[in-house]
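Participant: I am attaching a structure below and will ask some questions about it afterwards.
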Amino acid sequence: MSDVNASRREESGYFGRRQSPLLGVFLVVTSAVTFSTAGLFTKGVTAGSWEVIFWRGVFAVSFTIGWICLRQRFRSEVLLMGWSGAAIAVVGAAGTAAFIASFKLTSIANVSLIYAVAPLISALLAWLWIAEPAGRRVIWGGIGALIGVAIIVSGSLGGVSLKGDLLALFMACMMALMMVLYRVHPETPGAGPMALSSVLLLPFCMVFGAPFVLPISEIIILAAFGLIFAIASVTLVEGVRRIPAGQAALLSTLEVPLAPVLAFVVLAEIPAVQTMIGAPLVLVAIVLAAWPQQPHQISG
């Protein structure tokens with residue numbers, strides 16, 4: 001118990017007050033901006049999904065464990081993460097596998113926009129599980145995002161990209177579940193489960209992929225991806241514990257407008273017509289749900 005209390009005091013000094021909503025918003029936004037580059041890293045190499053997952057995982061774990069040790073929190077973050085930390089790691093591993101594979105099968109714009117359905121799922125789960133009020137704006141924003149996503153996915157019907165769209169939707173479900181798990185068990189450490197989620201995927205990568213045949217140039221790119229992923233994951237889980245699940249999910253969708261723009265500028269990737277039709281609905285839904293509310297309307 002003394003280790004846990006010391007860990008909480010240290011975290012309070014490092015990040016500020018655990019329950020600070022403004023700090024939670026800042027951390028989740030930082031994560032969203034960082035995550036928006038994931039598609040570029042994944043599509044910027046010729047490696048397959050399992051190879052990308054392997055090397056991203058190896059370097060993400062290395063950076064994350066290094067960060068944990070630097071803060072002298074290995075015991076509290078890893079050894080004492082508990083069953084809730086293990087559950088979050090499993091959910092995170094499943095989401096990561098779908099996340100990387102989706103980029104290989106569909107457009108970056110589709111992946112980032114489909115992710116916007118996470119607020120609806122997260123808010124619904126939090127309402128059912130811990131009776132956390134979602135708020136009318138969160139609900140309407142989630143519904144609007146869902147309609148936009150349905151239009152986007154319709155453009156992939158009958159094509160190979162439909163599998164990528166469905167994987168992106170699965171990833172959104174796993175992310176929403178992870179956010180609610182952190183709300184249910186706020187004492188669960190953030191970095192440890194994220195590192196474990198990457199470790200859990202390594203055996204699958206060895207079986208289904210060939211990570212050691214990649215050129216060194218691509219491994220270097222994936223090393224940078226690992227660092228980016230580690231930063232995004234840690235800031236996300238630390239932010240989620242400070243604000244309601246629905247709000248966190250909506251803020252995390254700030255990557256929605258950033259990822260397609262980066263894909264167009266860097267990779268010259270042009271979204272499908274249905275994607276461009278559904279995108280405004282998703283973006284308007286995000287703005288509607290994330291717009292500042294009056295104090296008496298804010299829950300959580």
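Participant: Output the helices (runs of 4 or more DSSP H) that fall wholly within the range 1-79 and possess 1 or more residues being at pLDDT 85 or above and not basic (Lys, Arg), or say none.
Facilitator: So the answer is 21-35, 38-43, 49-70.
Participant: Right, another one. Might you check whether a residue that is under 19 Å from PRO257 (Cβ atoms), buried (at least 24 other Cβ atoms within 10 Å of the Cβ), in contact (Cβ under 8 Å) with a residue 24 or more places away in the chain and aliphatic (A, V, I, L, M) occurs anywhere in the range 70-91?
Facilitator: Checking the range 70-91: not a single residue is under 19 Å from PRO257 (Cβ atoms), buried (at least 24 other Cβ atoms within 10 Å of the Cβ), in contact (Cβ under 8 Å) with a residue 24 or more places away in the chain and aliphatic (A, V, I, L, M).
Participant: Which residue pairs have Cβ atoms closer than 6 Å, lie 6 or more positions apart in sequence or on different chains, and pair a first residue in the range 159-178 that is without any contact (Cβ under 8 Å) to a residue 60 or more places away in the chain with a second residue that is of a type in the set (S, T, N, Q)?
Facilitator: Cβ pairs passing all conditions: SER161/THR106; LEU162/SER156.
Participant: A follow-up question, please. Please work out if VAL29 is open to solvent by 10 Å² or more (accessible area, probe 1.4 Å), closer than 21 Å to LEU177 by Cα and β-branched (Val, Ile, Thr).
Facilitator: yes
Participant: Residues to consider are PHE225, PHE229, PHE264, PHE170; find the one that is open to solvent by 40 Å² or more (accessible area, probe 1.4 Å), under 16 Å from the mean Cα position of the chain (by Cα) and within 24 Å of GLY44 (Cα to Cα).
Facilitator: PHE170
Participant: Could you check the range 194-237 and list, in sequence order, the residues that are touching a Ser or Thr at 6+ places or on another chain (Cβ under 9 Å), touching a residue at least 12 places away in the same chain (Cβ under 8 Å) and of a type outside the set (A, V, I, L, M, F, W, C)?
Facilitator: SER197, SER198, GLY209, GLU218, GLY226, SER233, THR235
Residues are listed down the side, and each one gets a yes or a no for (1) surrounded by fewer than 19 Cβ atoms within 10 Å (Cβ to Cβ); (2) polar (S, T, N, Q); (3) at pLDDT 85 or above; (4) within 21 Å of the chain's Cα centre (by Cα):
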position: VAL111; (1), (2), (3), (4): no, no, yes, yes
position: ALA123; (1), (2), (3), (4): no, no, no, yes
position: ALA131; (1), (2), (3), (4): yes, no, no, no
position: TRP140; (1), (2), (3), (4): yes, no, no, no
position: GLY144; (1), (2), (3), (4): no, no, no, yes
position: VAL153; (1), (2), (3), (4): no, no, no, yes
position: ASP165; (1), (2), (3), (4): no, no, yes, yes
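Participant: Which of the helices (runs of 4 or more DSSP H) contained wholly in the range 188-277 include at least 1 residues that are in contact with a helix residue (DSSP H, G or I) (Cβ under 7 Å, 6 or more places away or on another chain) and modelled with pLDDT under 80?
Facilitator: In the range 188-277, the matching helices (runs of 4 or more DSSP H) lie at 216-240, 245-252, 255-267.
The values are calculated or read from the model by the stated rules, or taken from the named source; none is laboratory data. Just so it is clear, the model here is predicted, and its values are computed rather than measured. Counting neighbours? That spans all protein chains shown, and the Cβs are built from the backbone with ideal geometry, glycine included. In case anyone asks, the SASA skips ligands and DNA or RNA and just uses the protein heavy atoms, side chains included. Shrake-Rupley method; radii C 1.70, N 1.55, O 1.52, S 1.80 Å.
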